[in-house]
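Beneath this line is the structure, given in structure tokens, with notes to follow.
The values are calculated or read from the model by the stated rules, or taken from the named source; none is laboratory data. Note that the structure is a prediction, hence the values are computed from the model and not measured. Neighbour counts run over all protein chains shown; Cβ positions are idealised from the backbone, glycine included. What goes into the accessible areas is simple: the full protein's heavy atoms, side chains included, and nothing from ligands, DNA or RNA. Shrake-Rupley method; radii C 1.70, N 1.55, O 1.52, S 1.80 Å.
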Protein chains: 4
Amino acid sequence: MMTVSIVNVTSYTGSELLRLLAQHPHFEVISVTGRSTVGKRLDEVFPFLRAGVPTLEGRHPTIDPRLVITEEPAQTDLSFVCLPHAAAAEAVVKLLQKGTKVVDLSADFRLRDVATYEEWYKHTHPAPALLETAVYGLCEMYREQIPHTSLVANPGCHTTTAILGLSPAFAAGIVNPDVIIDSKTGISGGGRNPGPSYHFPEADEDVSAYGLSGHRHMPEIAQELVVAAQQGDHPLATELRITFVPHLMPMTRGILATCYADLKQDENGDLPTTAEVRALYENYYANEPFVHVVDQAPHTKWTYGSNHCFIYPIVDQRAKRLIIVSCLDNLVKGASGQAIQNANLLYGLPEITGLSSLGVHP
Amino acid sequence: MMTVSIVNVTSYTGSELLRLLAQHPHFEVISVTGRSTVGKRLDEVFPFLRAGVPTLEGRHPTIDPRLVITEEPAQTDLSFVCLPHAAAAEAVVKLLQKGTKVVDLSADFRLRDVATYEEWYKHTHPAPALLETAVYGLCEMYREQIPHTSLVANPGCHTTTAILGLSPAFAAGIVNPDVIIDSKTGISGGGRNPGPSYHFPEADEDVSAYGLSGHRHMPEIAQELVVAAQQGDHPLATELRITFVPHLMPMTRGILATCYADLKQDENGDLPTTAEVRALYENYYANEPFVHVVDQAPHTKWTYGSNHCFIYPIVDQRAKRLIIVSCLDNLVKGASGQAIQNANLLYGLPEITGLSSLGVHP
Amino acid sequence: MMTVSIVNVTSYTGSELLRLLAQHPHFEVISVTGRSTVGKRLDEVFPFLRAGVPTLEGRHPTIDPRLVITEEPAQTDLSFVCLPHAAAAEAVVKLLQKGTKVVDLSADFRLRDVATYEEWYKHTHPAPALLETAVYGLCEMYREQIPHTSLVANPGCHTTTAILGLSPAFAAGIVNPDVIIDSKTGISGGGRNPGPSYHFPEADEDVSAYGLSGHRHMPEIAQELVVAAQQGDHPLATELRITFVPHLMPMTRGILATCYADLKQDENGDLPTTAEVRALYENYYANEPFVHVVDQAPHTKWTYGSNHCFIYPIVDQRAKRLIIVSCLDNLVKGASGQAIQNANLLYGLPEITGLSSLGVHP
Amino acid sequence: MMTVSIVNVTSYTGSELLRLLAQHPHFEVISVTGRSTVGKRLDEVFPFLRAGVPTLEGRHPTIDPRLVITEEPAQTDLSFVCLPHAAAAEAVVKLLQKGTKVVDLSADFRLRDVATYEEWYKHTHPAPALLETAVYGLCEMYREQIPHTSLVANPGCHTTTAILGLSPAFAAGIVNPDVIIDSKTGISGGGRNPGPSYHFPEADEDVSAYGLSGHRHMPEIAQELVVAAQQGDHPLATELRITFVPHLMPMTRGILATCYADLKQDENGDLPTTAEVRALYENYYANEPFVHVVDQAPHTKWTYGSNHCFIYPIVDQRAKRLIIVSCLDNLVKGASGQAIQNANLLYGLPEITGLSSLGVHP
């Protein structure tokens, strides 16, 4: 049993970690921190926890709903950091110094290039030296490296959806570096703090685009598609040209990215068929427990509450484009579920440990 | 490991059994039946099952998403019957004859009085003799009897919510048999068949009452409140006078009953206080793993996907009434979760086996 | 053409007044006030107003989307006050002193008894003398008085729904003063300020009760049911015993009250039939342009964006109760539409002026 | 006063015509047809019509909610045809023969090329000769031609949104014929017939793409973008390469298209700025009553129930693309509102007649 802290547990990624870790046999949450809620018990902040966590067959419970929120985390083996960027990096530095392994759910260690970070996040990076040791926590791409680091930079939700959708095509070298990602997310992606955009009467029955002048998940996607192309021995000949537009949907959970990429033609001017591309995708994800290539348009609802991602590639022969629809639950595979998948890798556990629940449907 | 069949798996209660049983260590689903879907695989009917069911730590998987739907169930130890009433009774008779234990999710064996059944369901009961051996599957009331039957009549969703909310007050004899139950349910309670009332553009952003001329869950509630009063040694002196009105809410899951009962005054004309009533409720449910008395108005969302029920009693001193708000997930504690709780009792397993997940929040 | 100001236009009742007054031929909005938005144009605060207000057939436009929000209202013939209670009364006093007629959408002048006001609103009434001259703005009950006042106290949304549903029964003396009102409202009723209860991820897919220890609309309902009984020559013999519980529904607009009242039996112990009660209701509302008695359970969606109210009375013979389902749009007949109906009465205009649109459906 | 029939009034476009025509001073609906509802009154099929249509200031009412649905339309000046394709063409032929002008809301006369029609709709066109006389009813493009035809082919909802968004760029020749349209629609676009995809528990909290192997609105968009380019004296040098993917959103009304087009560079390799493109768009739509170019991302909710369209163009300098977000209400500007706008043109009325309402917000 490893001891675990959750820093800023009062975020949605924090409470989602609680929900998922309650099913985990090897991580025990012994410390949780917050900011305005210090001194309160978990089940005061999250009343659904008053149901308690029934413990089965003599198993040691891994979550205590009466745990009191503190300002600083206790010493633990592992910590999940759910703070906003900048604040996260400061907490991470302290935790690493105490010998704690960290899965950081913020954006602070995702971009390997300090200049890119500072361009997009508009402030000096608090701990640039750590960028070299941090591993990008997309398990499907960095499974080999993650066990050897003590700092995992957990990817963003739009990012995970888009990269999982596009990386097989880049690895196989079948598309030009000319990509449009139209991403649609549920509102929990905006976090737990109320605001006008998330006020029910405004957000209900409404669809809108946001971040049109540039969203911070874009450079993260670009960085990893370059890696995917390299990993597949099809390094990009020219610079990536990505347009990424996120949209807010009137629903709580779920994210769906529709990705459009220019297909390369072969020497005869022919394009791969949908069947060929699907075979290539199925092969790429053949051994993945959480990524599933399907032959019909997937629904975000298939993933509600689970760590699964569904991917549907289809060739638009007329327009010579590859369309890929990729979807997952933004709070699970797009955040806290992936964080646990990373933690499992950090400790040599099977990746699916604690993550085997099916989604809630309907 | 017990073998299990699910009869009419293509209903929402059927698919919810699949979801929950995938987490159950002792029940293996080896047979599923349907009607228009015979010959299809489970994951063709329910594409979210294409994620498969990851199996942990050498455990035997209890669900195979590639199981083919048949017309008749195979021989198993246990069967969950998810057919509509009348059709259910016929299937139950056959299963019992083959020595299979049955948890019937239909209404066919809930009412102990044949005449009442025939009055409300408008047809001759297909197997009246079984009414004597069937046990009403509200575990909190019939925990002692359930292990000794081979036929459990799983309660309805409105019924479970209302009875759990009202029975402590009836058992304690603090209310007159004068009750109004205003119940609000999510739309999955209407089943998986599309129809005008459940068509998204009609049901979205809409609230309406239904069943105003009499809903079949009413006699079921009446029957069990009489029992609760008897169990508590406060048998009713006069006939129950219940008004029950269900309402459709624009949401998928969740049911919340607001129950109003006239409080008895003591010899000094005094009413119990909210604190006294809450203490009484807490005591009544002290050892229940799934029923939780809380001190603030509960939200259906606290129960999303879980088997928990939250109950909040409060005294309206001005109007001399007891108000009880009770809520749960209509597909879990209101149907398939409770069915598994009953199955656990049938086989001497801890009631919480396979039901320990927290709800999905937000 | 009368000149109009809207005080605190940045509320939802304020913007709803703008939407409706844009269709009104006789009221021209020349002044709008706000608090944190002073200096901004209307269409900066409400971007949907950028569509402008197309003006037909040489009509003078009654709304200018580029109107600048000020701190104090300009001198006008009429003012709609959309401030919270207490603040409203202070604004009303000033407006009346300047000779402006006022429709006050706050609760400040609804209760005729100062002590009751101060008990429920927990502060000293800022202008108790005005309570005598204010007229309660439920047009269906006070149509004769409204033209003679200069201060109309526009009723609350729960209140309007419940009183319209119950007053025919009280006026006819067919029910005992023993009433339960279970009211369900859309979230716009909570106003335009974001907060945890209205945060989309919390409020979506959720139903909950609130105000269980006493909601301020209760005394308002009680006050008017007593009047309805008197108006119908069936004054109450005993004190009203009302329980009122409001609930929050996952939708933007719409309110539906399910009202339960004990029916009186005649000398033979008989109850009126549903047909008899419906005839009585139809007669009571025979000439009302906005209140419609129907013979099936009504849906809030029938009223979306319109000033209509649908009422469905049904007798529960078994439990000897009258059930009345009443619904309307909380922002129209429950607030701003009713305010315009009142303003029409103040100026001798047909009540339906500017209010003739059908609801948006689906 | 012109007489009007609505063929297949029981569709959502039919009922929306009723709602809008109730506000129209010059069109009187005297005949409505249906299929399974023949013999019923309008307010039996659409209970919200039981509110009646209050008539103001001596105006003649234009809708009678008690109108009986017939199988065949009566003789009228004008007919709105709301049938599915193929059935529509047959009805249109008969109506034209009787001298009735027709606004056809189906797809039957939108494509000018018979072969394209038959390729996409998979059947022989029932009346190919009429394709020459029909005018495509996008008022913003065909305002001059519509008054001279007797058959208007009302555009589709996705189509209207996309063409309004893209045509200024094509007319100005600033983009290459390389376009991706990611369109998101509310569920009412799927019509009034219940089905699994529109069943509330499936469609709620869900986002999915559909029509990925080719959607019939695509050739319609292509046809009109070619025209827009020609009208602007920038005819396309190469064939259009369009990818169009529609998505279903968990909401009733509203459609939002995010359009991506490759920007042309000038001789210096420079791109136009967002300000330049916006100025060009504002100029293009300067005199349009219903199309509004805005400087922030628009929300579908701004258009709820109104005939307005909001367009937001922005240049992605990094990727050298023009992004255009365009949104409207699929049942109004995307169908029935546009049909009335066309009817106004047919009779020389101001285009805004009967369409001046603001959207319902929130």
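Starting from a label point 7 Å past Cα on the Cβ side, list the distances from C:Gln265 to the same position in the other copies, nm, shortest first.
In ascending order, 2.3, 8.9, 9.2 nm.
Answer with one residue from C:Ala107, C:Val92, C:Leu164: the one whose Cα lies farthest towards the positive end of the charge dipole of region C:90-203, charges on Cβ with Lys, Arg +1 and Asp, Glu -1.
It is C:Val92, whose Cα lies furthest towards the positive end.
Once you keep just the Cα pairs under 8 angstrom separated by 6 or more residues, what percentage relative contact order results for region A:2-133? Intermediate values should be presented prior to the final figure.
Details: 232 pairs, mean separation 32.4, N = 132.
Taking the mean separation of contacting Cα pairs over the length of region A:2-133, I get 25 percent.
Could you work out the helix-only [θ] at 222 nm for chain C, with each DSSP H run of four or more residues adding -39,500 (n - 2.57) and the total divided by the number of residues, to the nearest 500 deg cm²/dmol?
Numbers: 10 runs with 93 residues, N = 362.
Rounded to the nearest 500, it is -7500 deg cm²/dmol.
Kindly identify residues of region B:136-184 having a loss of at least 10 Å² in accessible area between the isolated chain and the assembly of all protein chains, probe radius 1.4 Å.
B:Asp178, B:Ile180, B:Asp182, B:Lys184
As a check on your reading of the symmetry: which chain B residue has its Cβ nearest the axis that brings B onto C, and how far is it in Å?
Minimum Cβ distance to the axis, with residue: B:Asp182, 2.
Taking R0 as 41 Å, what's the FRET efficiency between A:Gln230 and A:Arg66 from their Cβ-Cβ distance, rounded to 0.05?
Details: r = 49 Å, r/R0 = 1.20.
E(calc), rounded to 0.05, equals 0.25.
Over the protein assembly as shown, with the other protein chains present, what is the accessible area per residue in square angstrom, probe 1.4 angstrom? Write out the running numbers ahead of the final one.
Values: 45900 Å² over 1448 residues.
Averaged over the residues of the protein assembly as shown, the accessible area is 32 Å².
Using unit Cβ charges (K, R positive; D, E negative) and no other charged atoms, how large, in debye to the nearest 20, is the dipole of region B:172-259 about its Cα centre? It would help to have the intermediate numbers written out before the result.
Details: 5 positive and 10 negative charges, 36 e Å.
It comes to approximately 180 debye.
Note down the magnitude of the dipole of the protein assembly as shown about its Cα centre, charges +1 on Lys and Arg C-beta and -1 on Asp and Glu C-beta and zero elsewhere, to the nearest 20 debye. Write down the numbers at each step before the final one.
Details: 104 positive and 156 negative charges, 1 e Å.
With only Lys, Arg, Asp and Glu charged at Cβ, the dipole is about 0 debye.
For chain A, calculate the relative contact order in percent as a whole number, restricting contacts to Cα pairs under 8 Å that are 6 or more residues apart.
Values: 799 pairs, mean separation 62.3, N = 362.
That works out to 17 percent.
Which ³J(HN,Hα) values in Hz, rounded to whole numbers, follow from the phi angles of region D:263-274 under the Karplus curve 6.51 cos²θ - 1.76 cosθ + 1.60, where θ = phi - 60° and Gly and Pro get x?
Once rounded to whole Hz, the list reads 7, 6, 9, 7, 4, 8, x, 8, 9, x, 8, 4.
Expressed as a whole percentage, what fraction of the accessible surface of region A:2-133 belongs to carbon and sulfur atoms when a 1.4 Å probe is rolled over the protein heavy atoms? It would help to have the intermediate numbers written out before the result.
Working: 2700 of 5190 Å².
Carbon with sulfur: 52 percent of the solvent-accessible area.
Rounded to the nearest 20 Debye, what is the dipole magnitude of region B:10-51 about its Cα centre when Lys and Arg each give +1 and Asp and Glu each give -1 at the C-beta? Don't skip to the answer; put the middle values down first.
Details: 5 positive and 4 negative charges, 26 e Å.
Using only the charged Cβ atoms, the result is roughly 120 debye.
Pairs A:Lys184/C:Lys184; A:Lys333/B:Lys184; B:Lys184/C:Lys333; A:Lys184/A:Lys333; B:Lys122/B:Lys264: which exceed 27 Å Cα-Cα? Provide the component values of the computation, followed by the final result.
Values: A:Lys184/C:Lys184 31 Å; A:Lys333/B:Lys184 32 Å; B:Lys184/C:Lys333 24 Å; A:Lys184/A:Lys333 15 Å; B:Lys122/B:Lys264 37 Å.
Beyond 27 Å between Cα atoms: A:Lys184/C:Lys184; A:Lys333/B:Lys184; B:Lys122/B:Lys264.
Which percent, to the nearest 5, of DSSP beta bridges fully inside region C:158-330 are antiparallel? Don't skip to the answer; put the middle values down first.
On the way: 26 of 37 bridges.
Restricted to region C:158-330, the bridges split so that about 70 percent are antiparallel.
In region D:334-362, what residues drop by 50 Å² or more of accessible area when the other protein chains are put back, versus the chain on its own? Use 1.4 Å, and skip ligands and nucleic acids.
So the qualifying set is D:Ile352, D:Ser356, D:Leu358, D:Val360, D:His361, D:Pro362.
For chain D, take the alpha-carbon Rg, divide it by the Kirkwood Rh, and send me Rg/Rh.
On the way: Rg = 20.2 Å, Rh = 20.9 Å.
Reported Rg/Rh, Kirkwood definition of Rh: 0.97.
In region A:35-49, what residues drop by 50 Å² or more of accessible area when the other protein chains are put back, versus the chain on its own? Use 1.4 Å, and skip ligands and nucleic acids.
SASA drop of 50 Å² or more in region A:35-49: A:Pro47, A:Phe48.
How are the C-alpha pair distances of the protein assembly as shown spread across 10 Å bins, as whole percents from the shortest bin up?
So the P(r) values, bin by bin, are 1, 8, 16, 20, 21, 18, 11, 4, 0, 0.
Antiparallel as a % of all DSSP beta bridges within chain B, to the nearest 5? Kindly include the intermediate steps, with their values, before the conclusion.
On the way: 27 of 57 bridges.
Percent antiparallel among DSSP bridges in chain B is about 45.
Can you find, among A:Leu83, A:Val29, A:Ala127, the residue sitting farthest towards the positive end of the charge dipole of region A:2-133, where Lys and Arg contribute +1 and Asp and Glu -1 at Cβ?
The Cα lying farthest towards the positive end belongs to A:Val29.
Where is the GNM fluctuation largest for chain B (alpha-carbon springs, 10 angstrom cutoff): B:Phe200, B:Phe109, B:Phe310?
In the Gaussian network model the winner is B:Phe200.
Using a Förster distance of 35 angstrom, determine the FRET efficiency expected from the C-beta separation of D:Val114 and B:Ser197, and round it to 0.05.
Working: r = 42 Å, r/R0 = 1.19.
Efficiency, from the Cβ-Cβ distance: 0.25.
With r defined as the distance between the Cβ atoms of A:Glu288 and A:Thr133 and R0 fixed at 22 Å, what FRET efficiency is calculated, to the nearest 0.05? Intermediate results must be reported in sequence, preceding the final value.
On the way: r = 26 Å, r/R0 = 1.18.
The value I calculate is 0.25.
If you take the accessible area of A alone plus B alone and subtract the pair, what total do you get in square angstrom, rounded to 100, with a 1.4 Å probe? Kindly include the intermediate steps, with their values, before the conclusion.
Values: alone 16100 and 16060 Å², together 28130 Å².
Using a 1.4 Å probe on protein heavy atoms, the buried area is about 4000 Å².
Of all DSSP beta bridges in the protein assembly as shown, what percent run antiparallel (nearest 5)?
Taking every DSSP beta bridge within the protein assembly as shown, about 50 percent pair in antiparallel fashion.
Using only the Cα atoms of region C:158-330, construct the convex hull and provide its projected area averaged over every direction, in square nanometres to one decimal.
Details: hull surface 42.4 nm².
About 10.6 nm², averaged over all directions.
Take the solvent-accessible surface of the protein heavy atoms, probe 1.4 Å, and return the percent of it on region D:178-286 that carbon and sulfur atoms account for.
44
Can you give me the long-range amide H partners of A:Glu28? Hydrogens built in the peptide plane at 1.01 Å from N, cutoff under 5 Å, separation of 5 or more residues or another chain.
For A:Glu28, whose amide H was placed from the backbone, the distant partners under 5 Å are A:Met2, A:Thr3, A:Val4.
Could you give me the ³J(HN,Hα) list for region C:209-224, computed from phi with Karplus coefficients 6.51, -1.76, 1.60 and θ = phi - 60°, whole Hz, x at Gly and Pro?
So the J values, rounded to whole Hz, are 8, 9, x, 5, 8, x, 10, 5, 6, 4, x, 5, 5, 4, 3, 7.
Tell me, what ³J(HN,Hα) does each residue in region C:287-292 have, in order and in whole Hz, if you take phi through Karplus 6.51 cos²θ - 1.76 cosθ + 1.60 with θ = phi - 60° and put x for Gly and Pro?
These are the phi-based 3J(HN,Hα) values: 9, 7, x, 10, 10, 10 Hz.
When only DSSP loop residues count, what GluC sites (Glu not before Pro) in region B:1-66 have their Cβ near at most 11 other Cβ atoms within 10 Å? Walk me through the intermediate numbers first.
Details: sites: B:Glu16, B:Glu28, B:Glu44, B:Glu57; in loops: B:Glu57.
Sites meeting the loop and neighbour criteria: B:Glu57.
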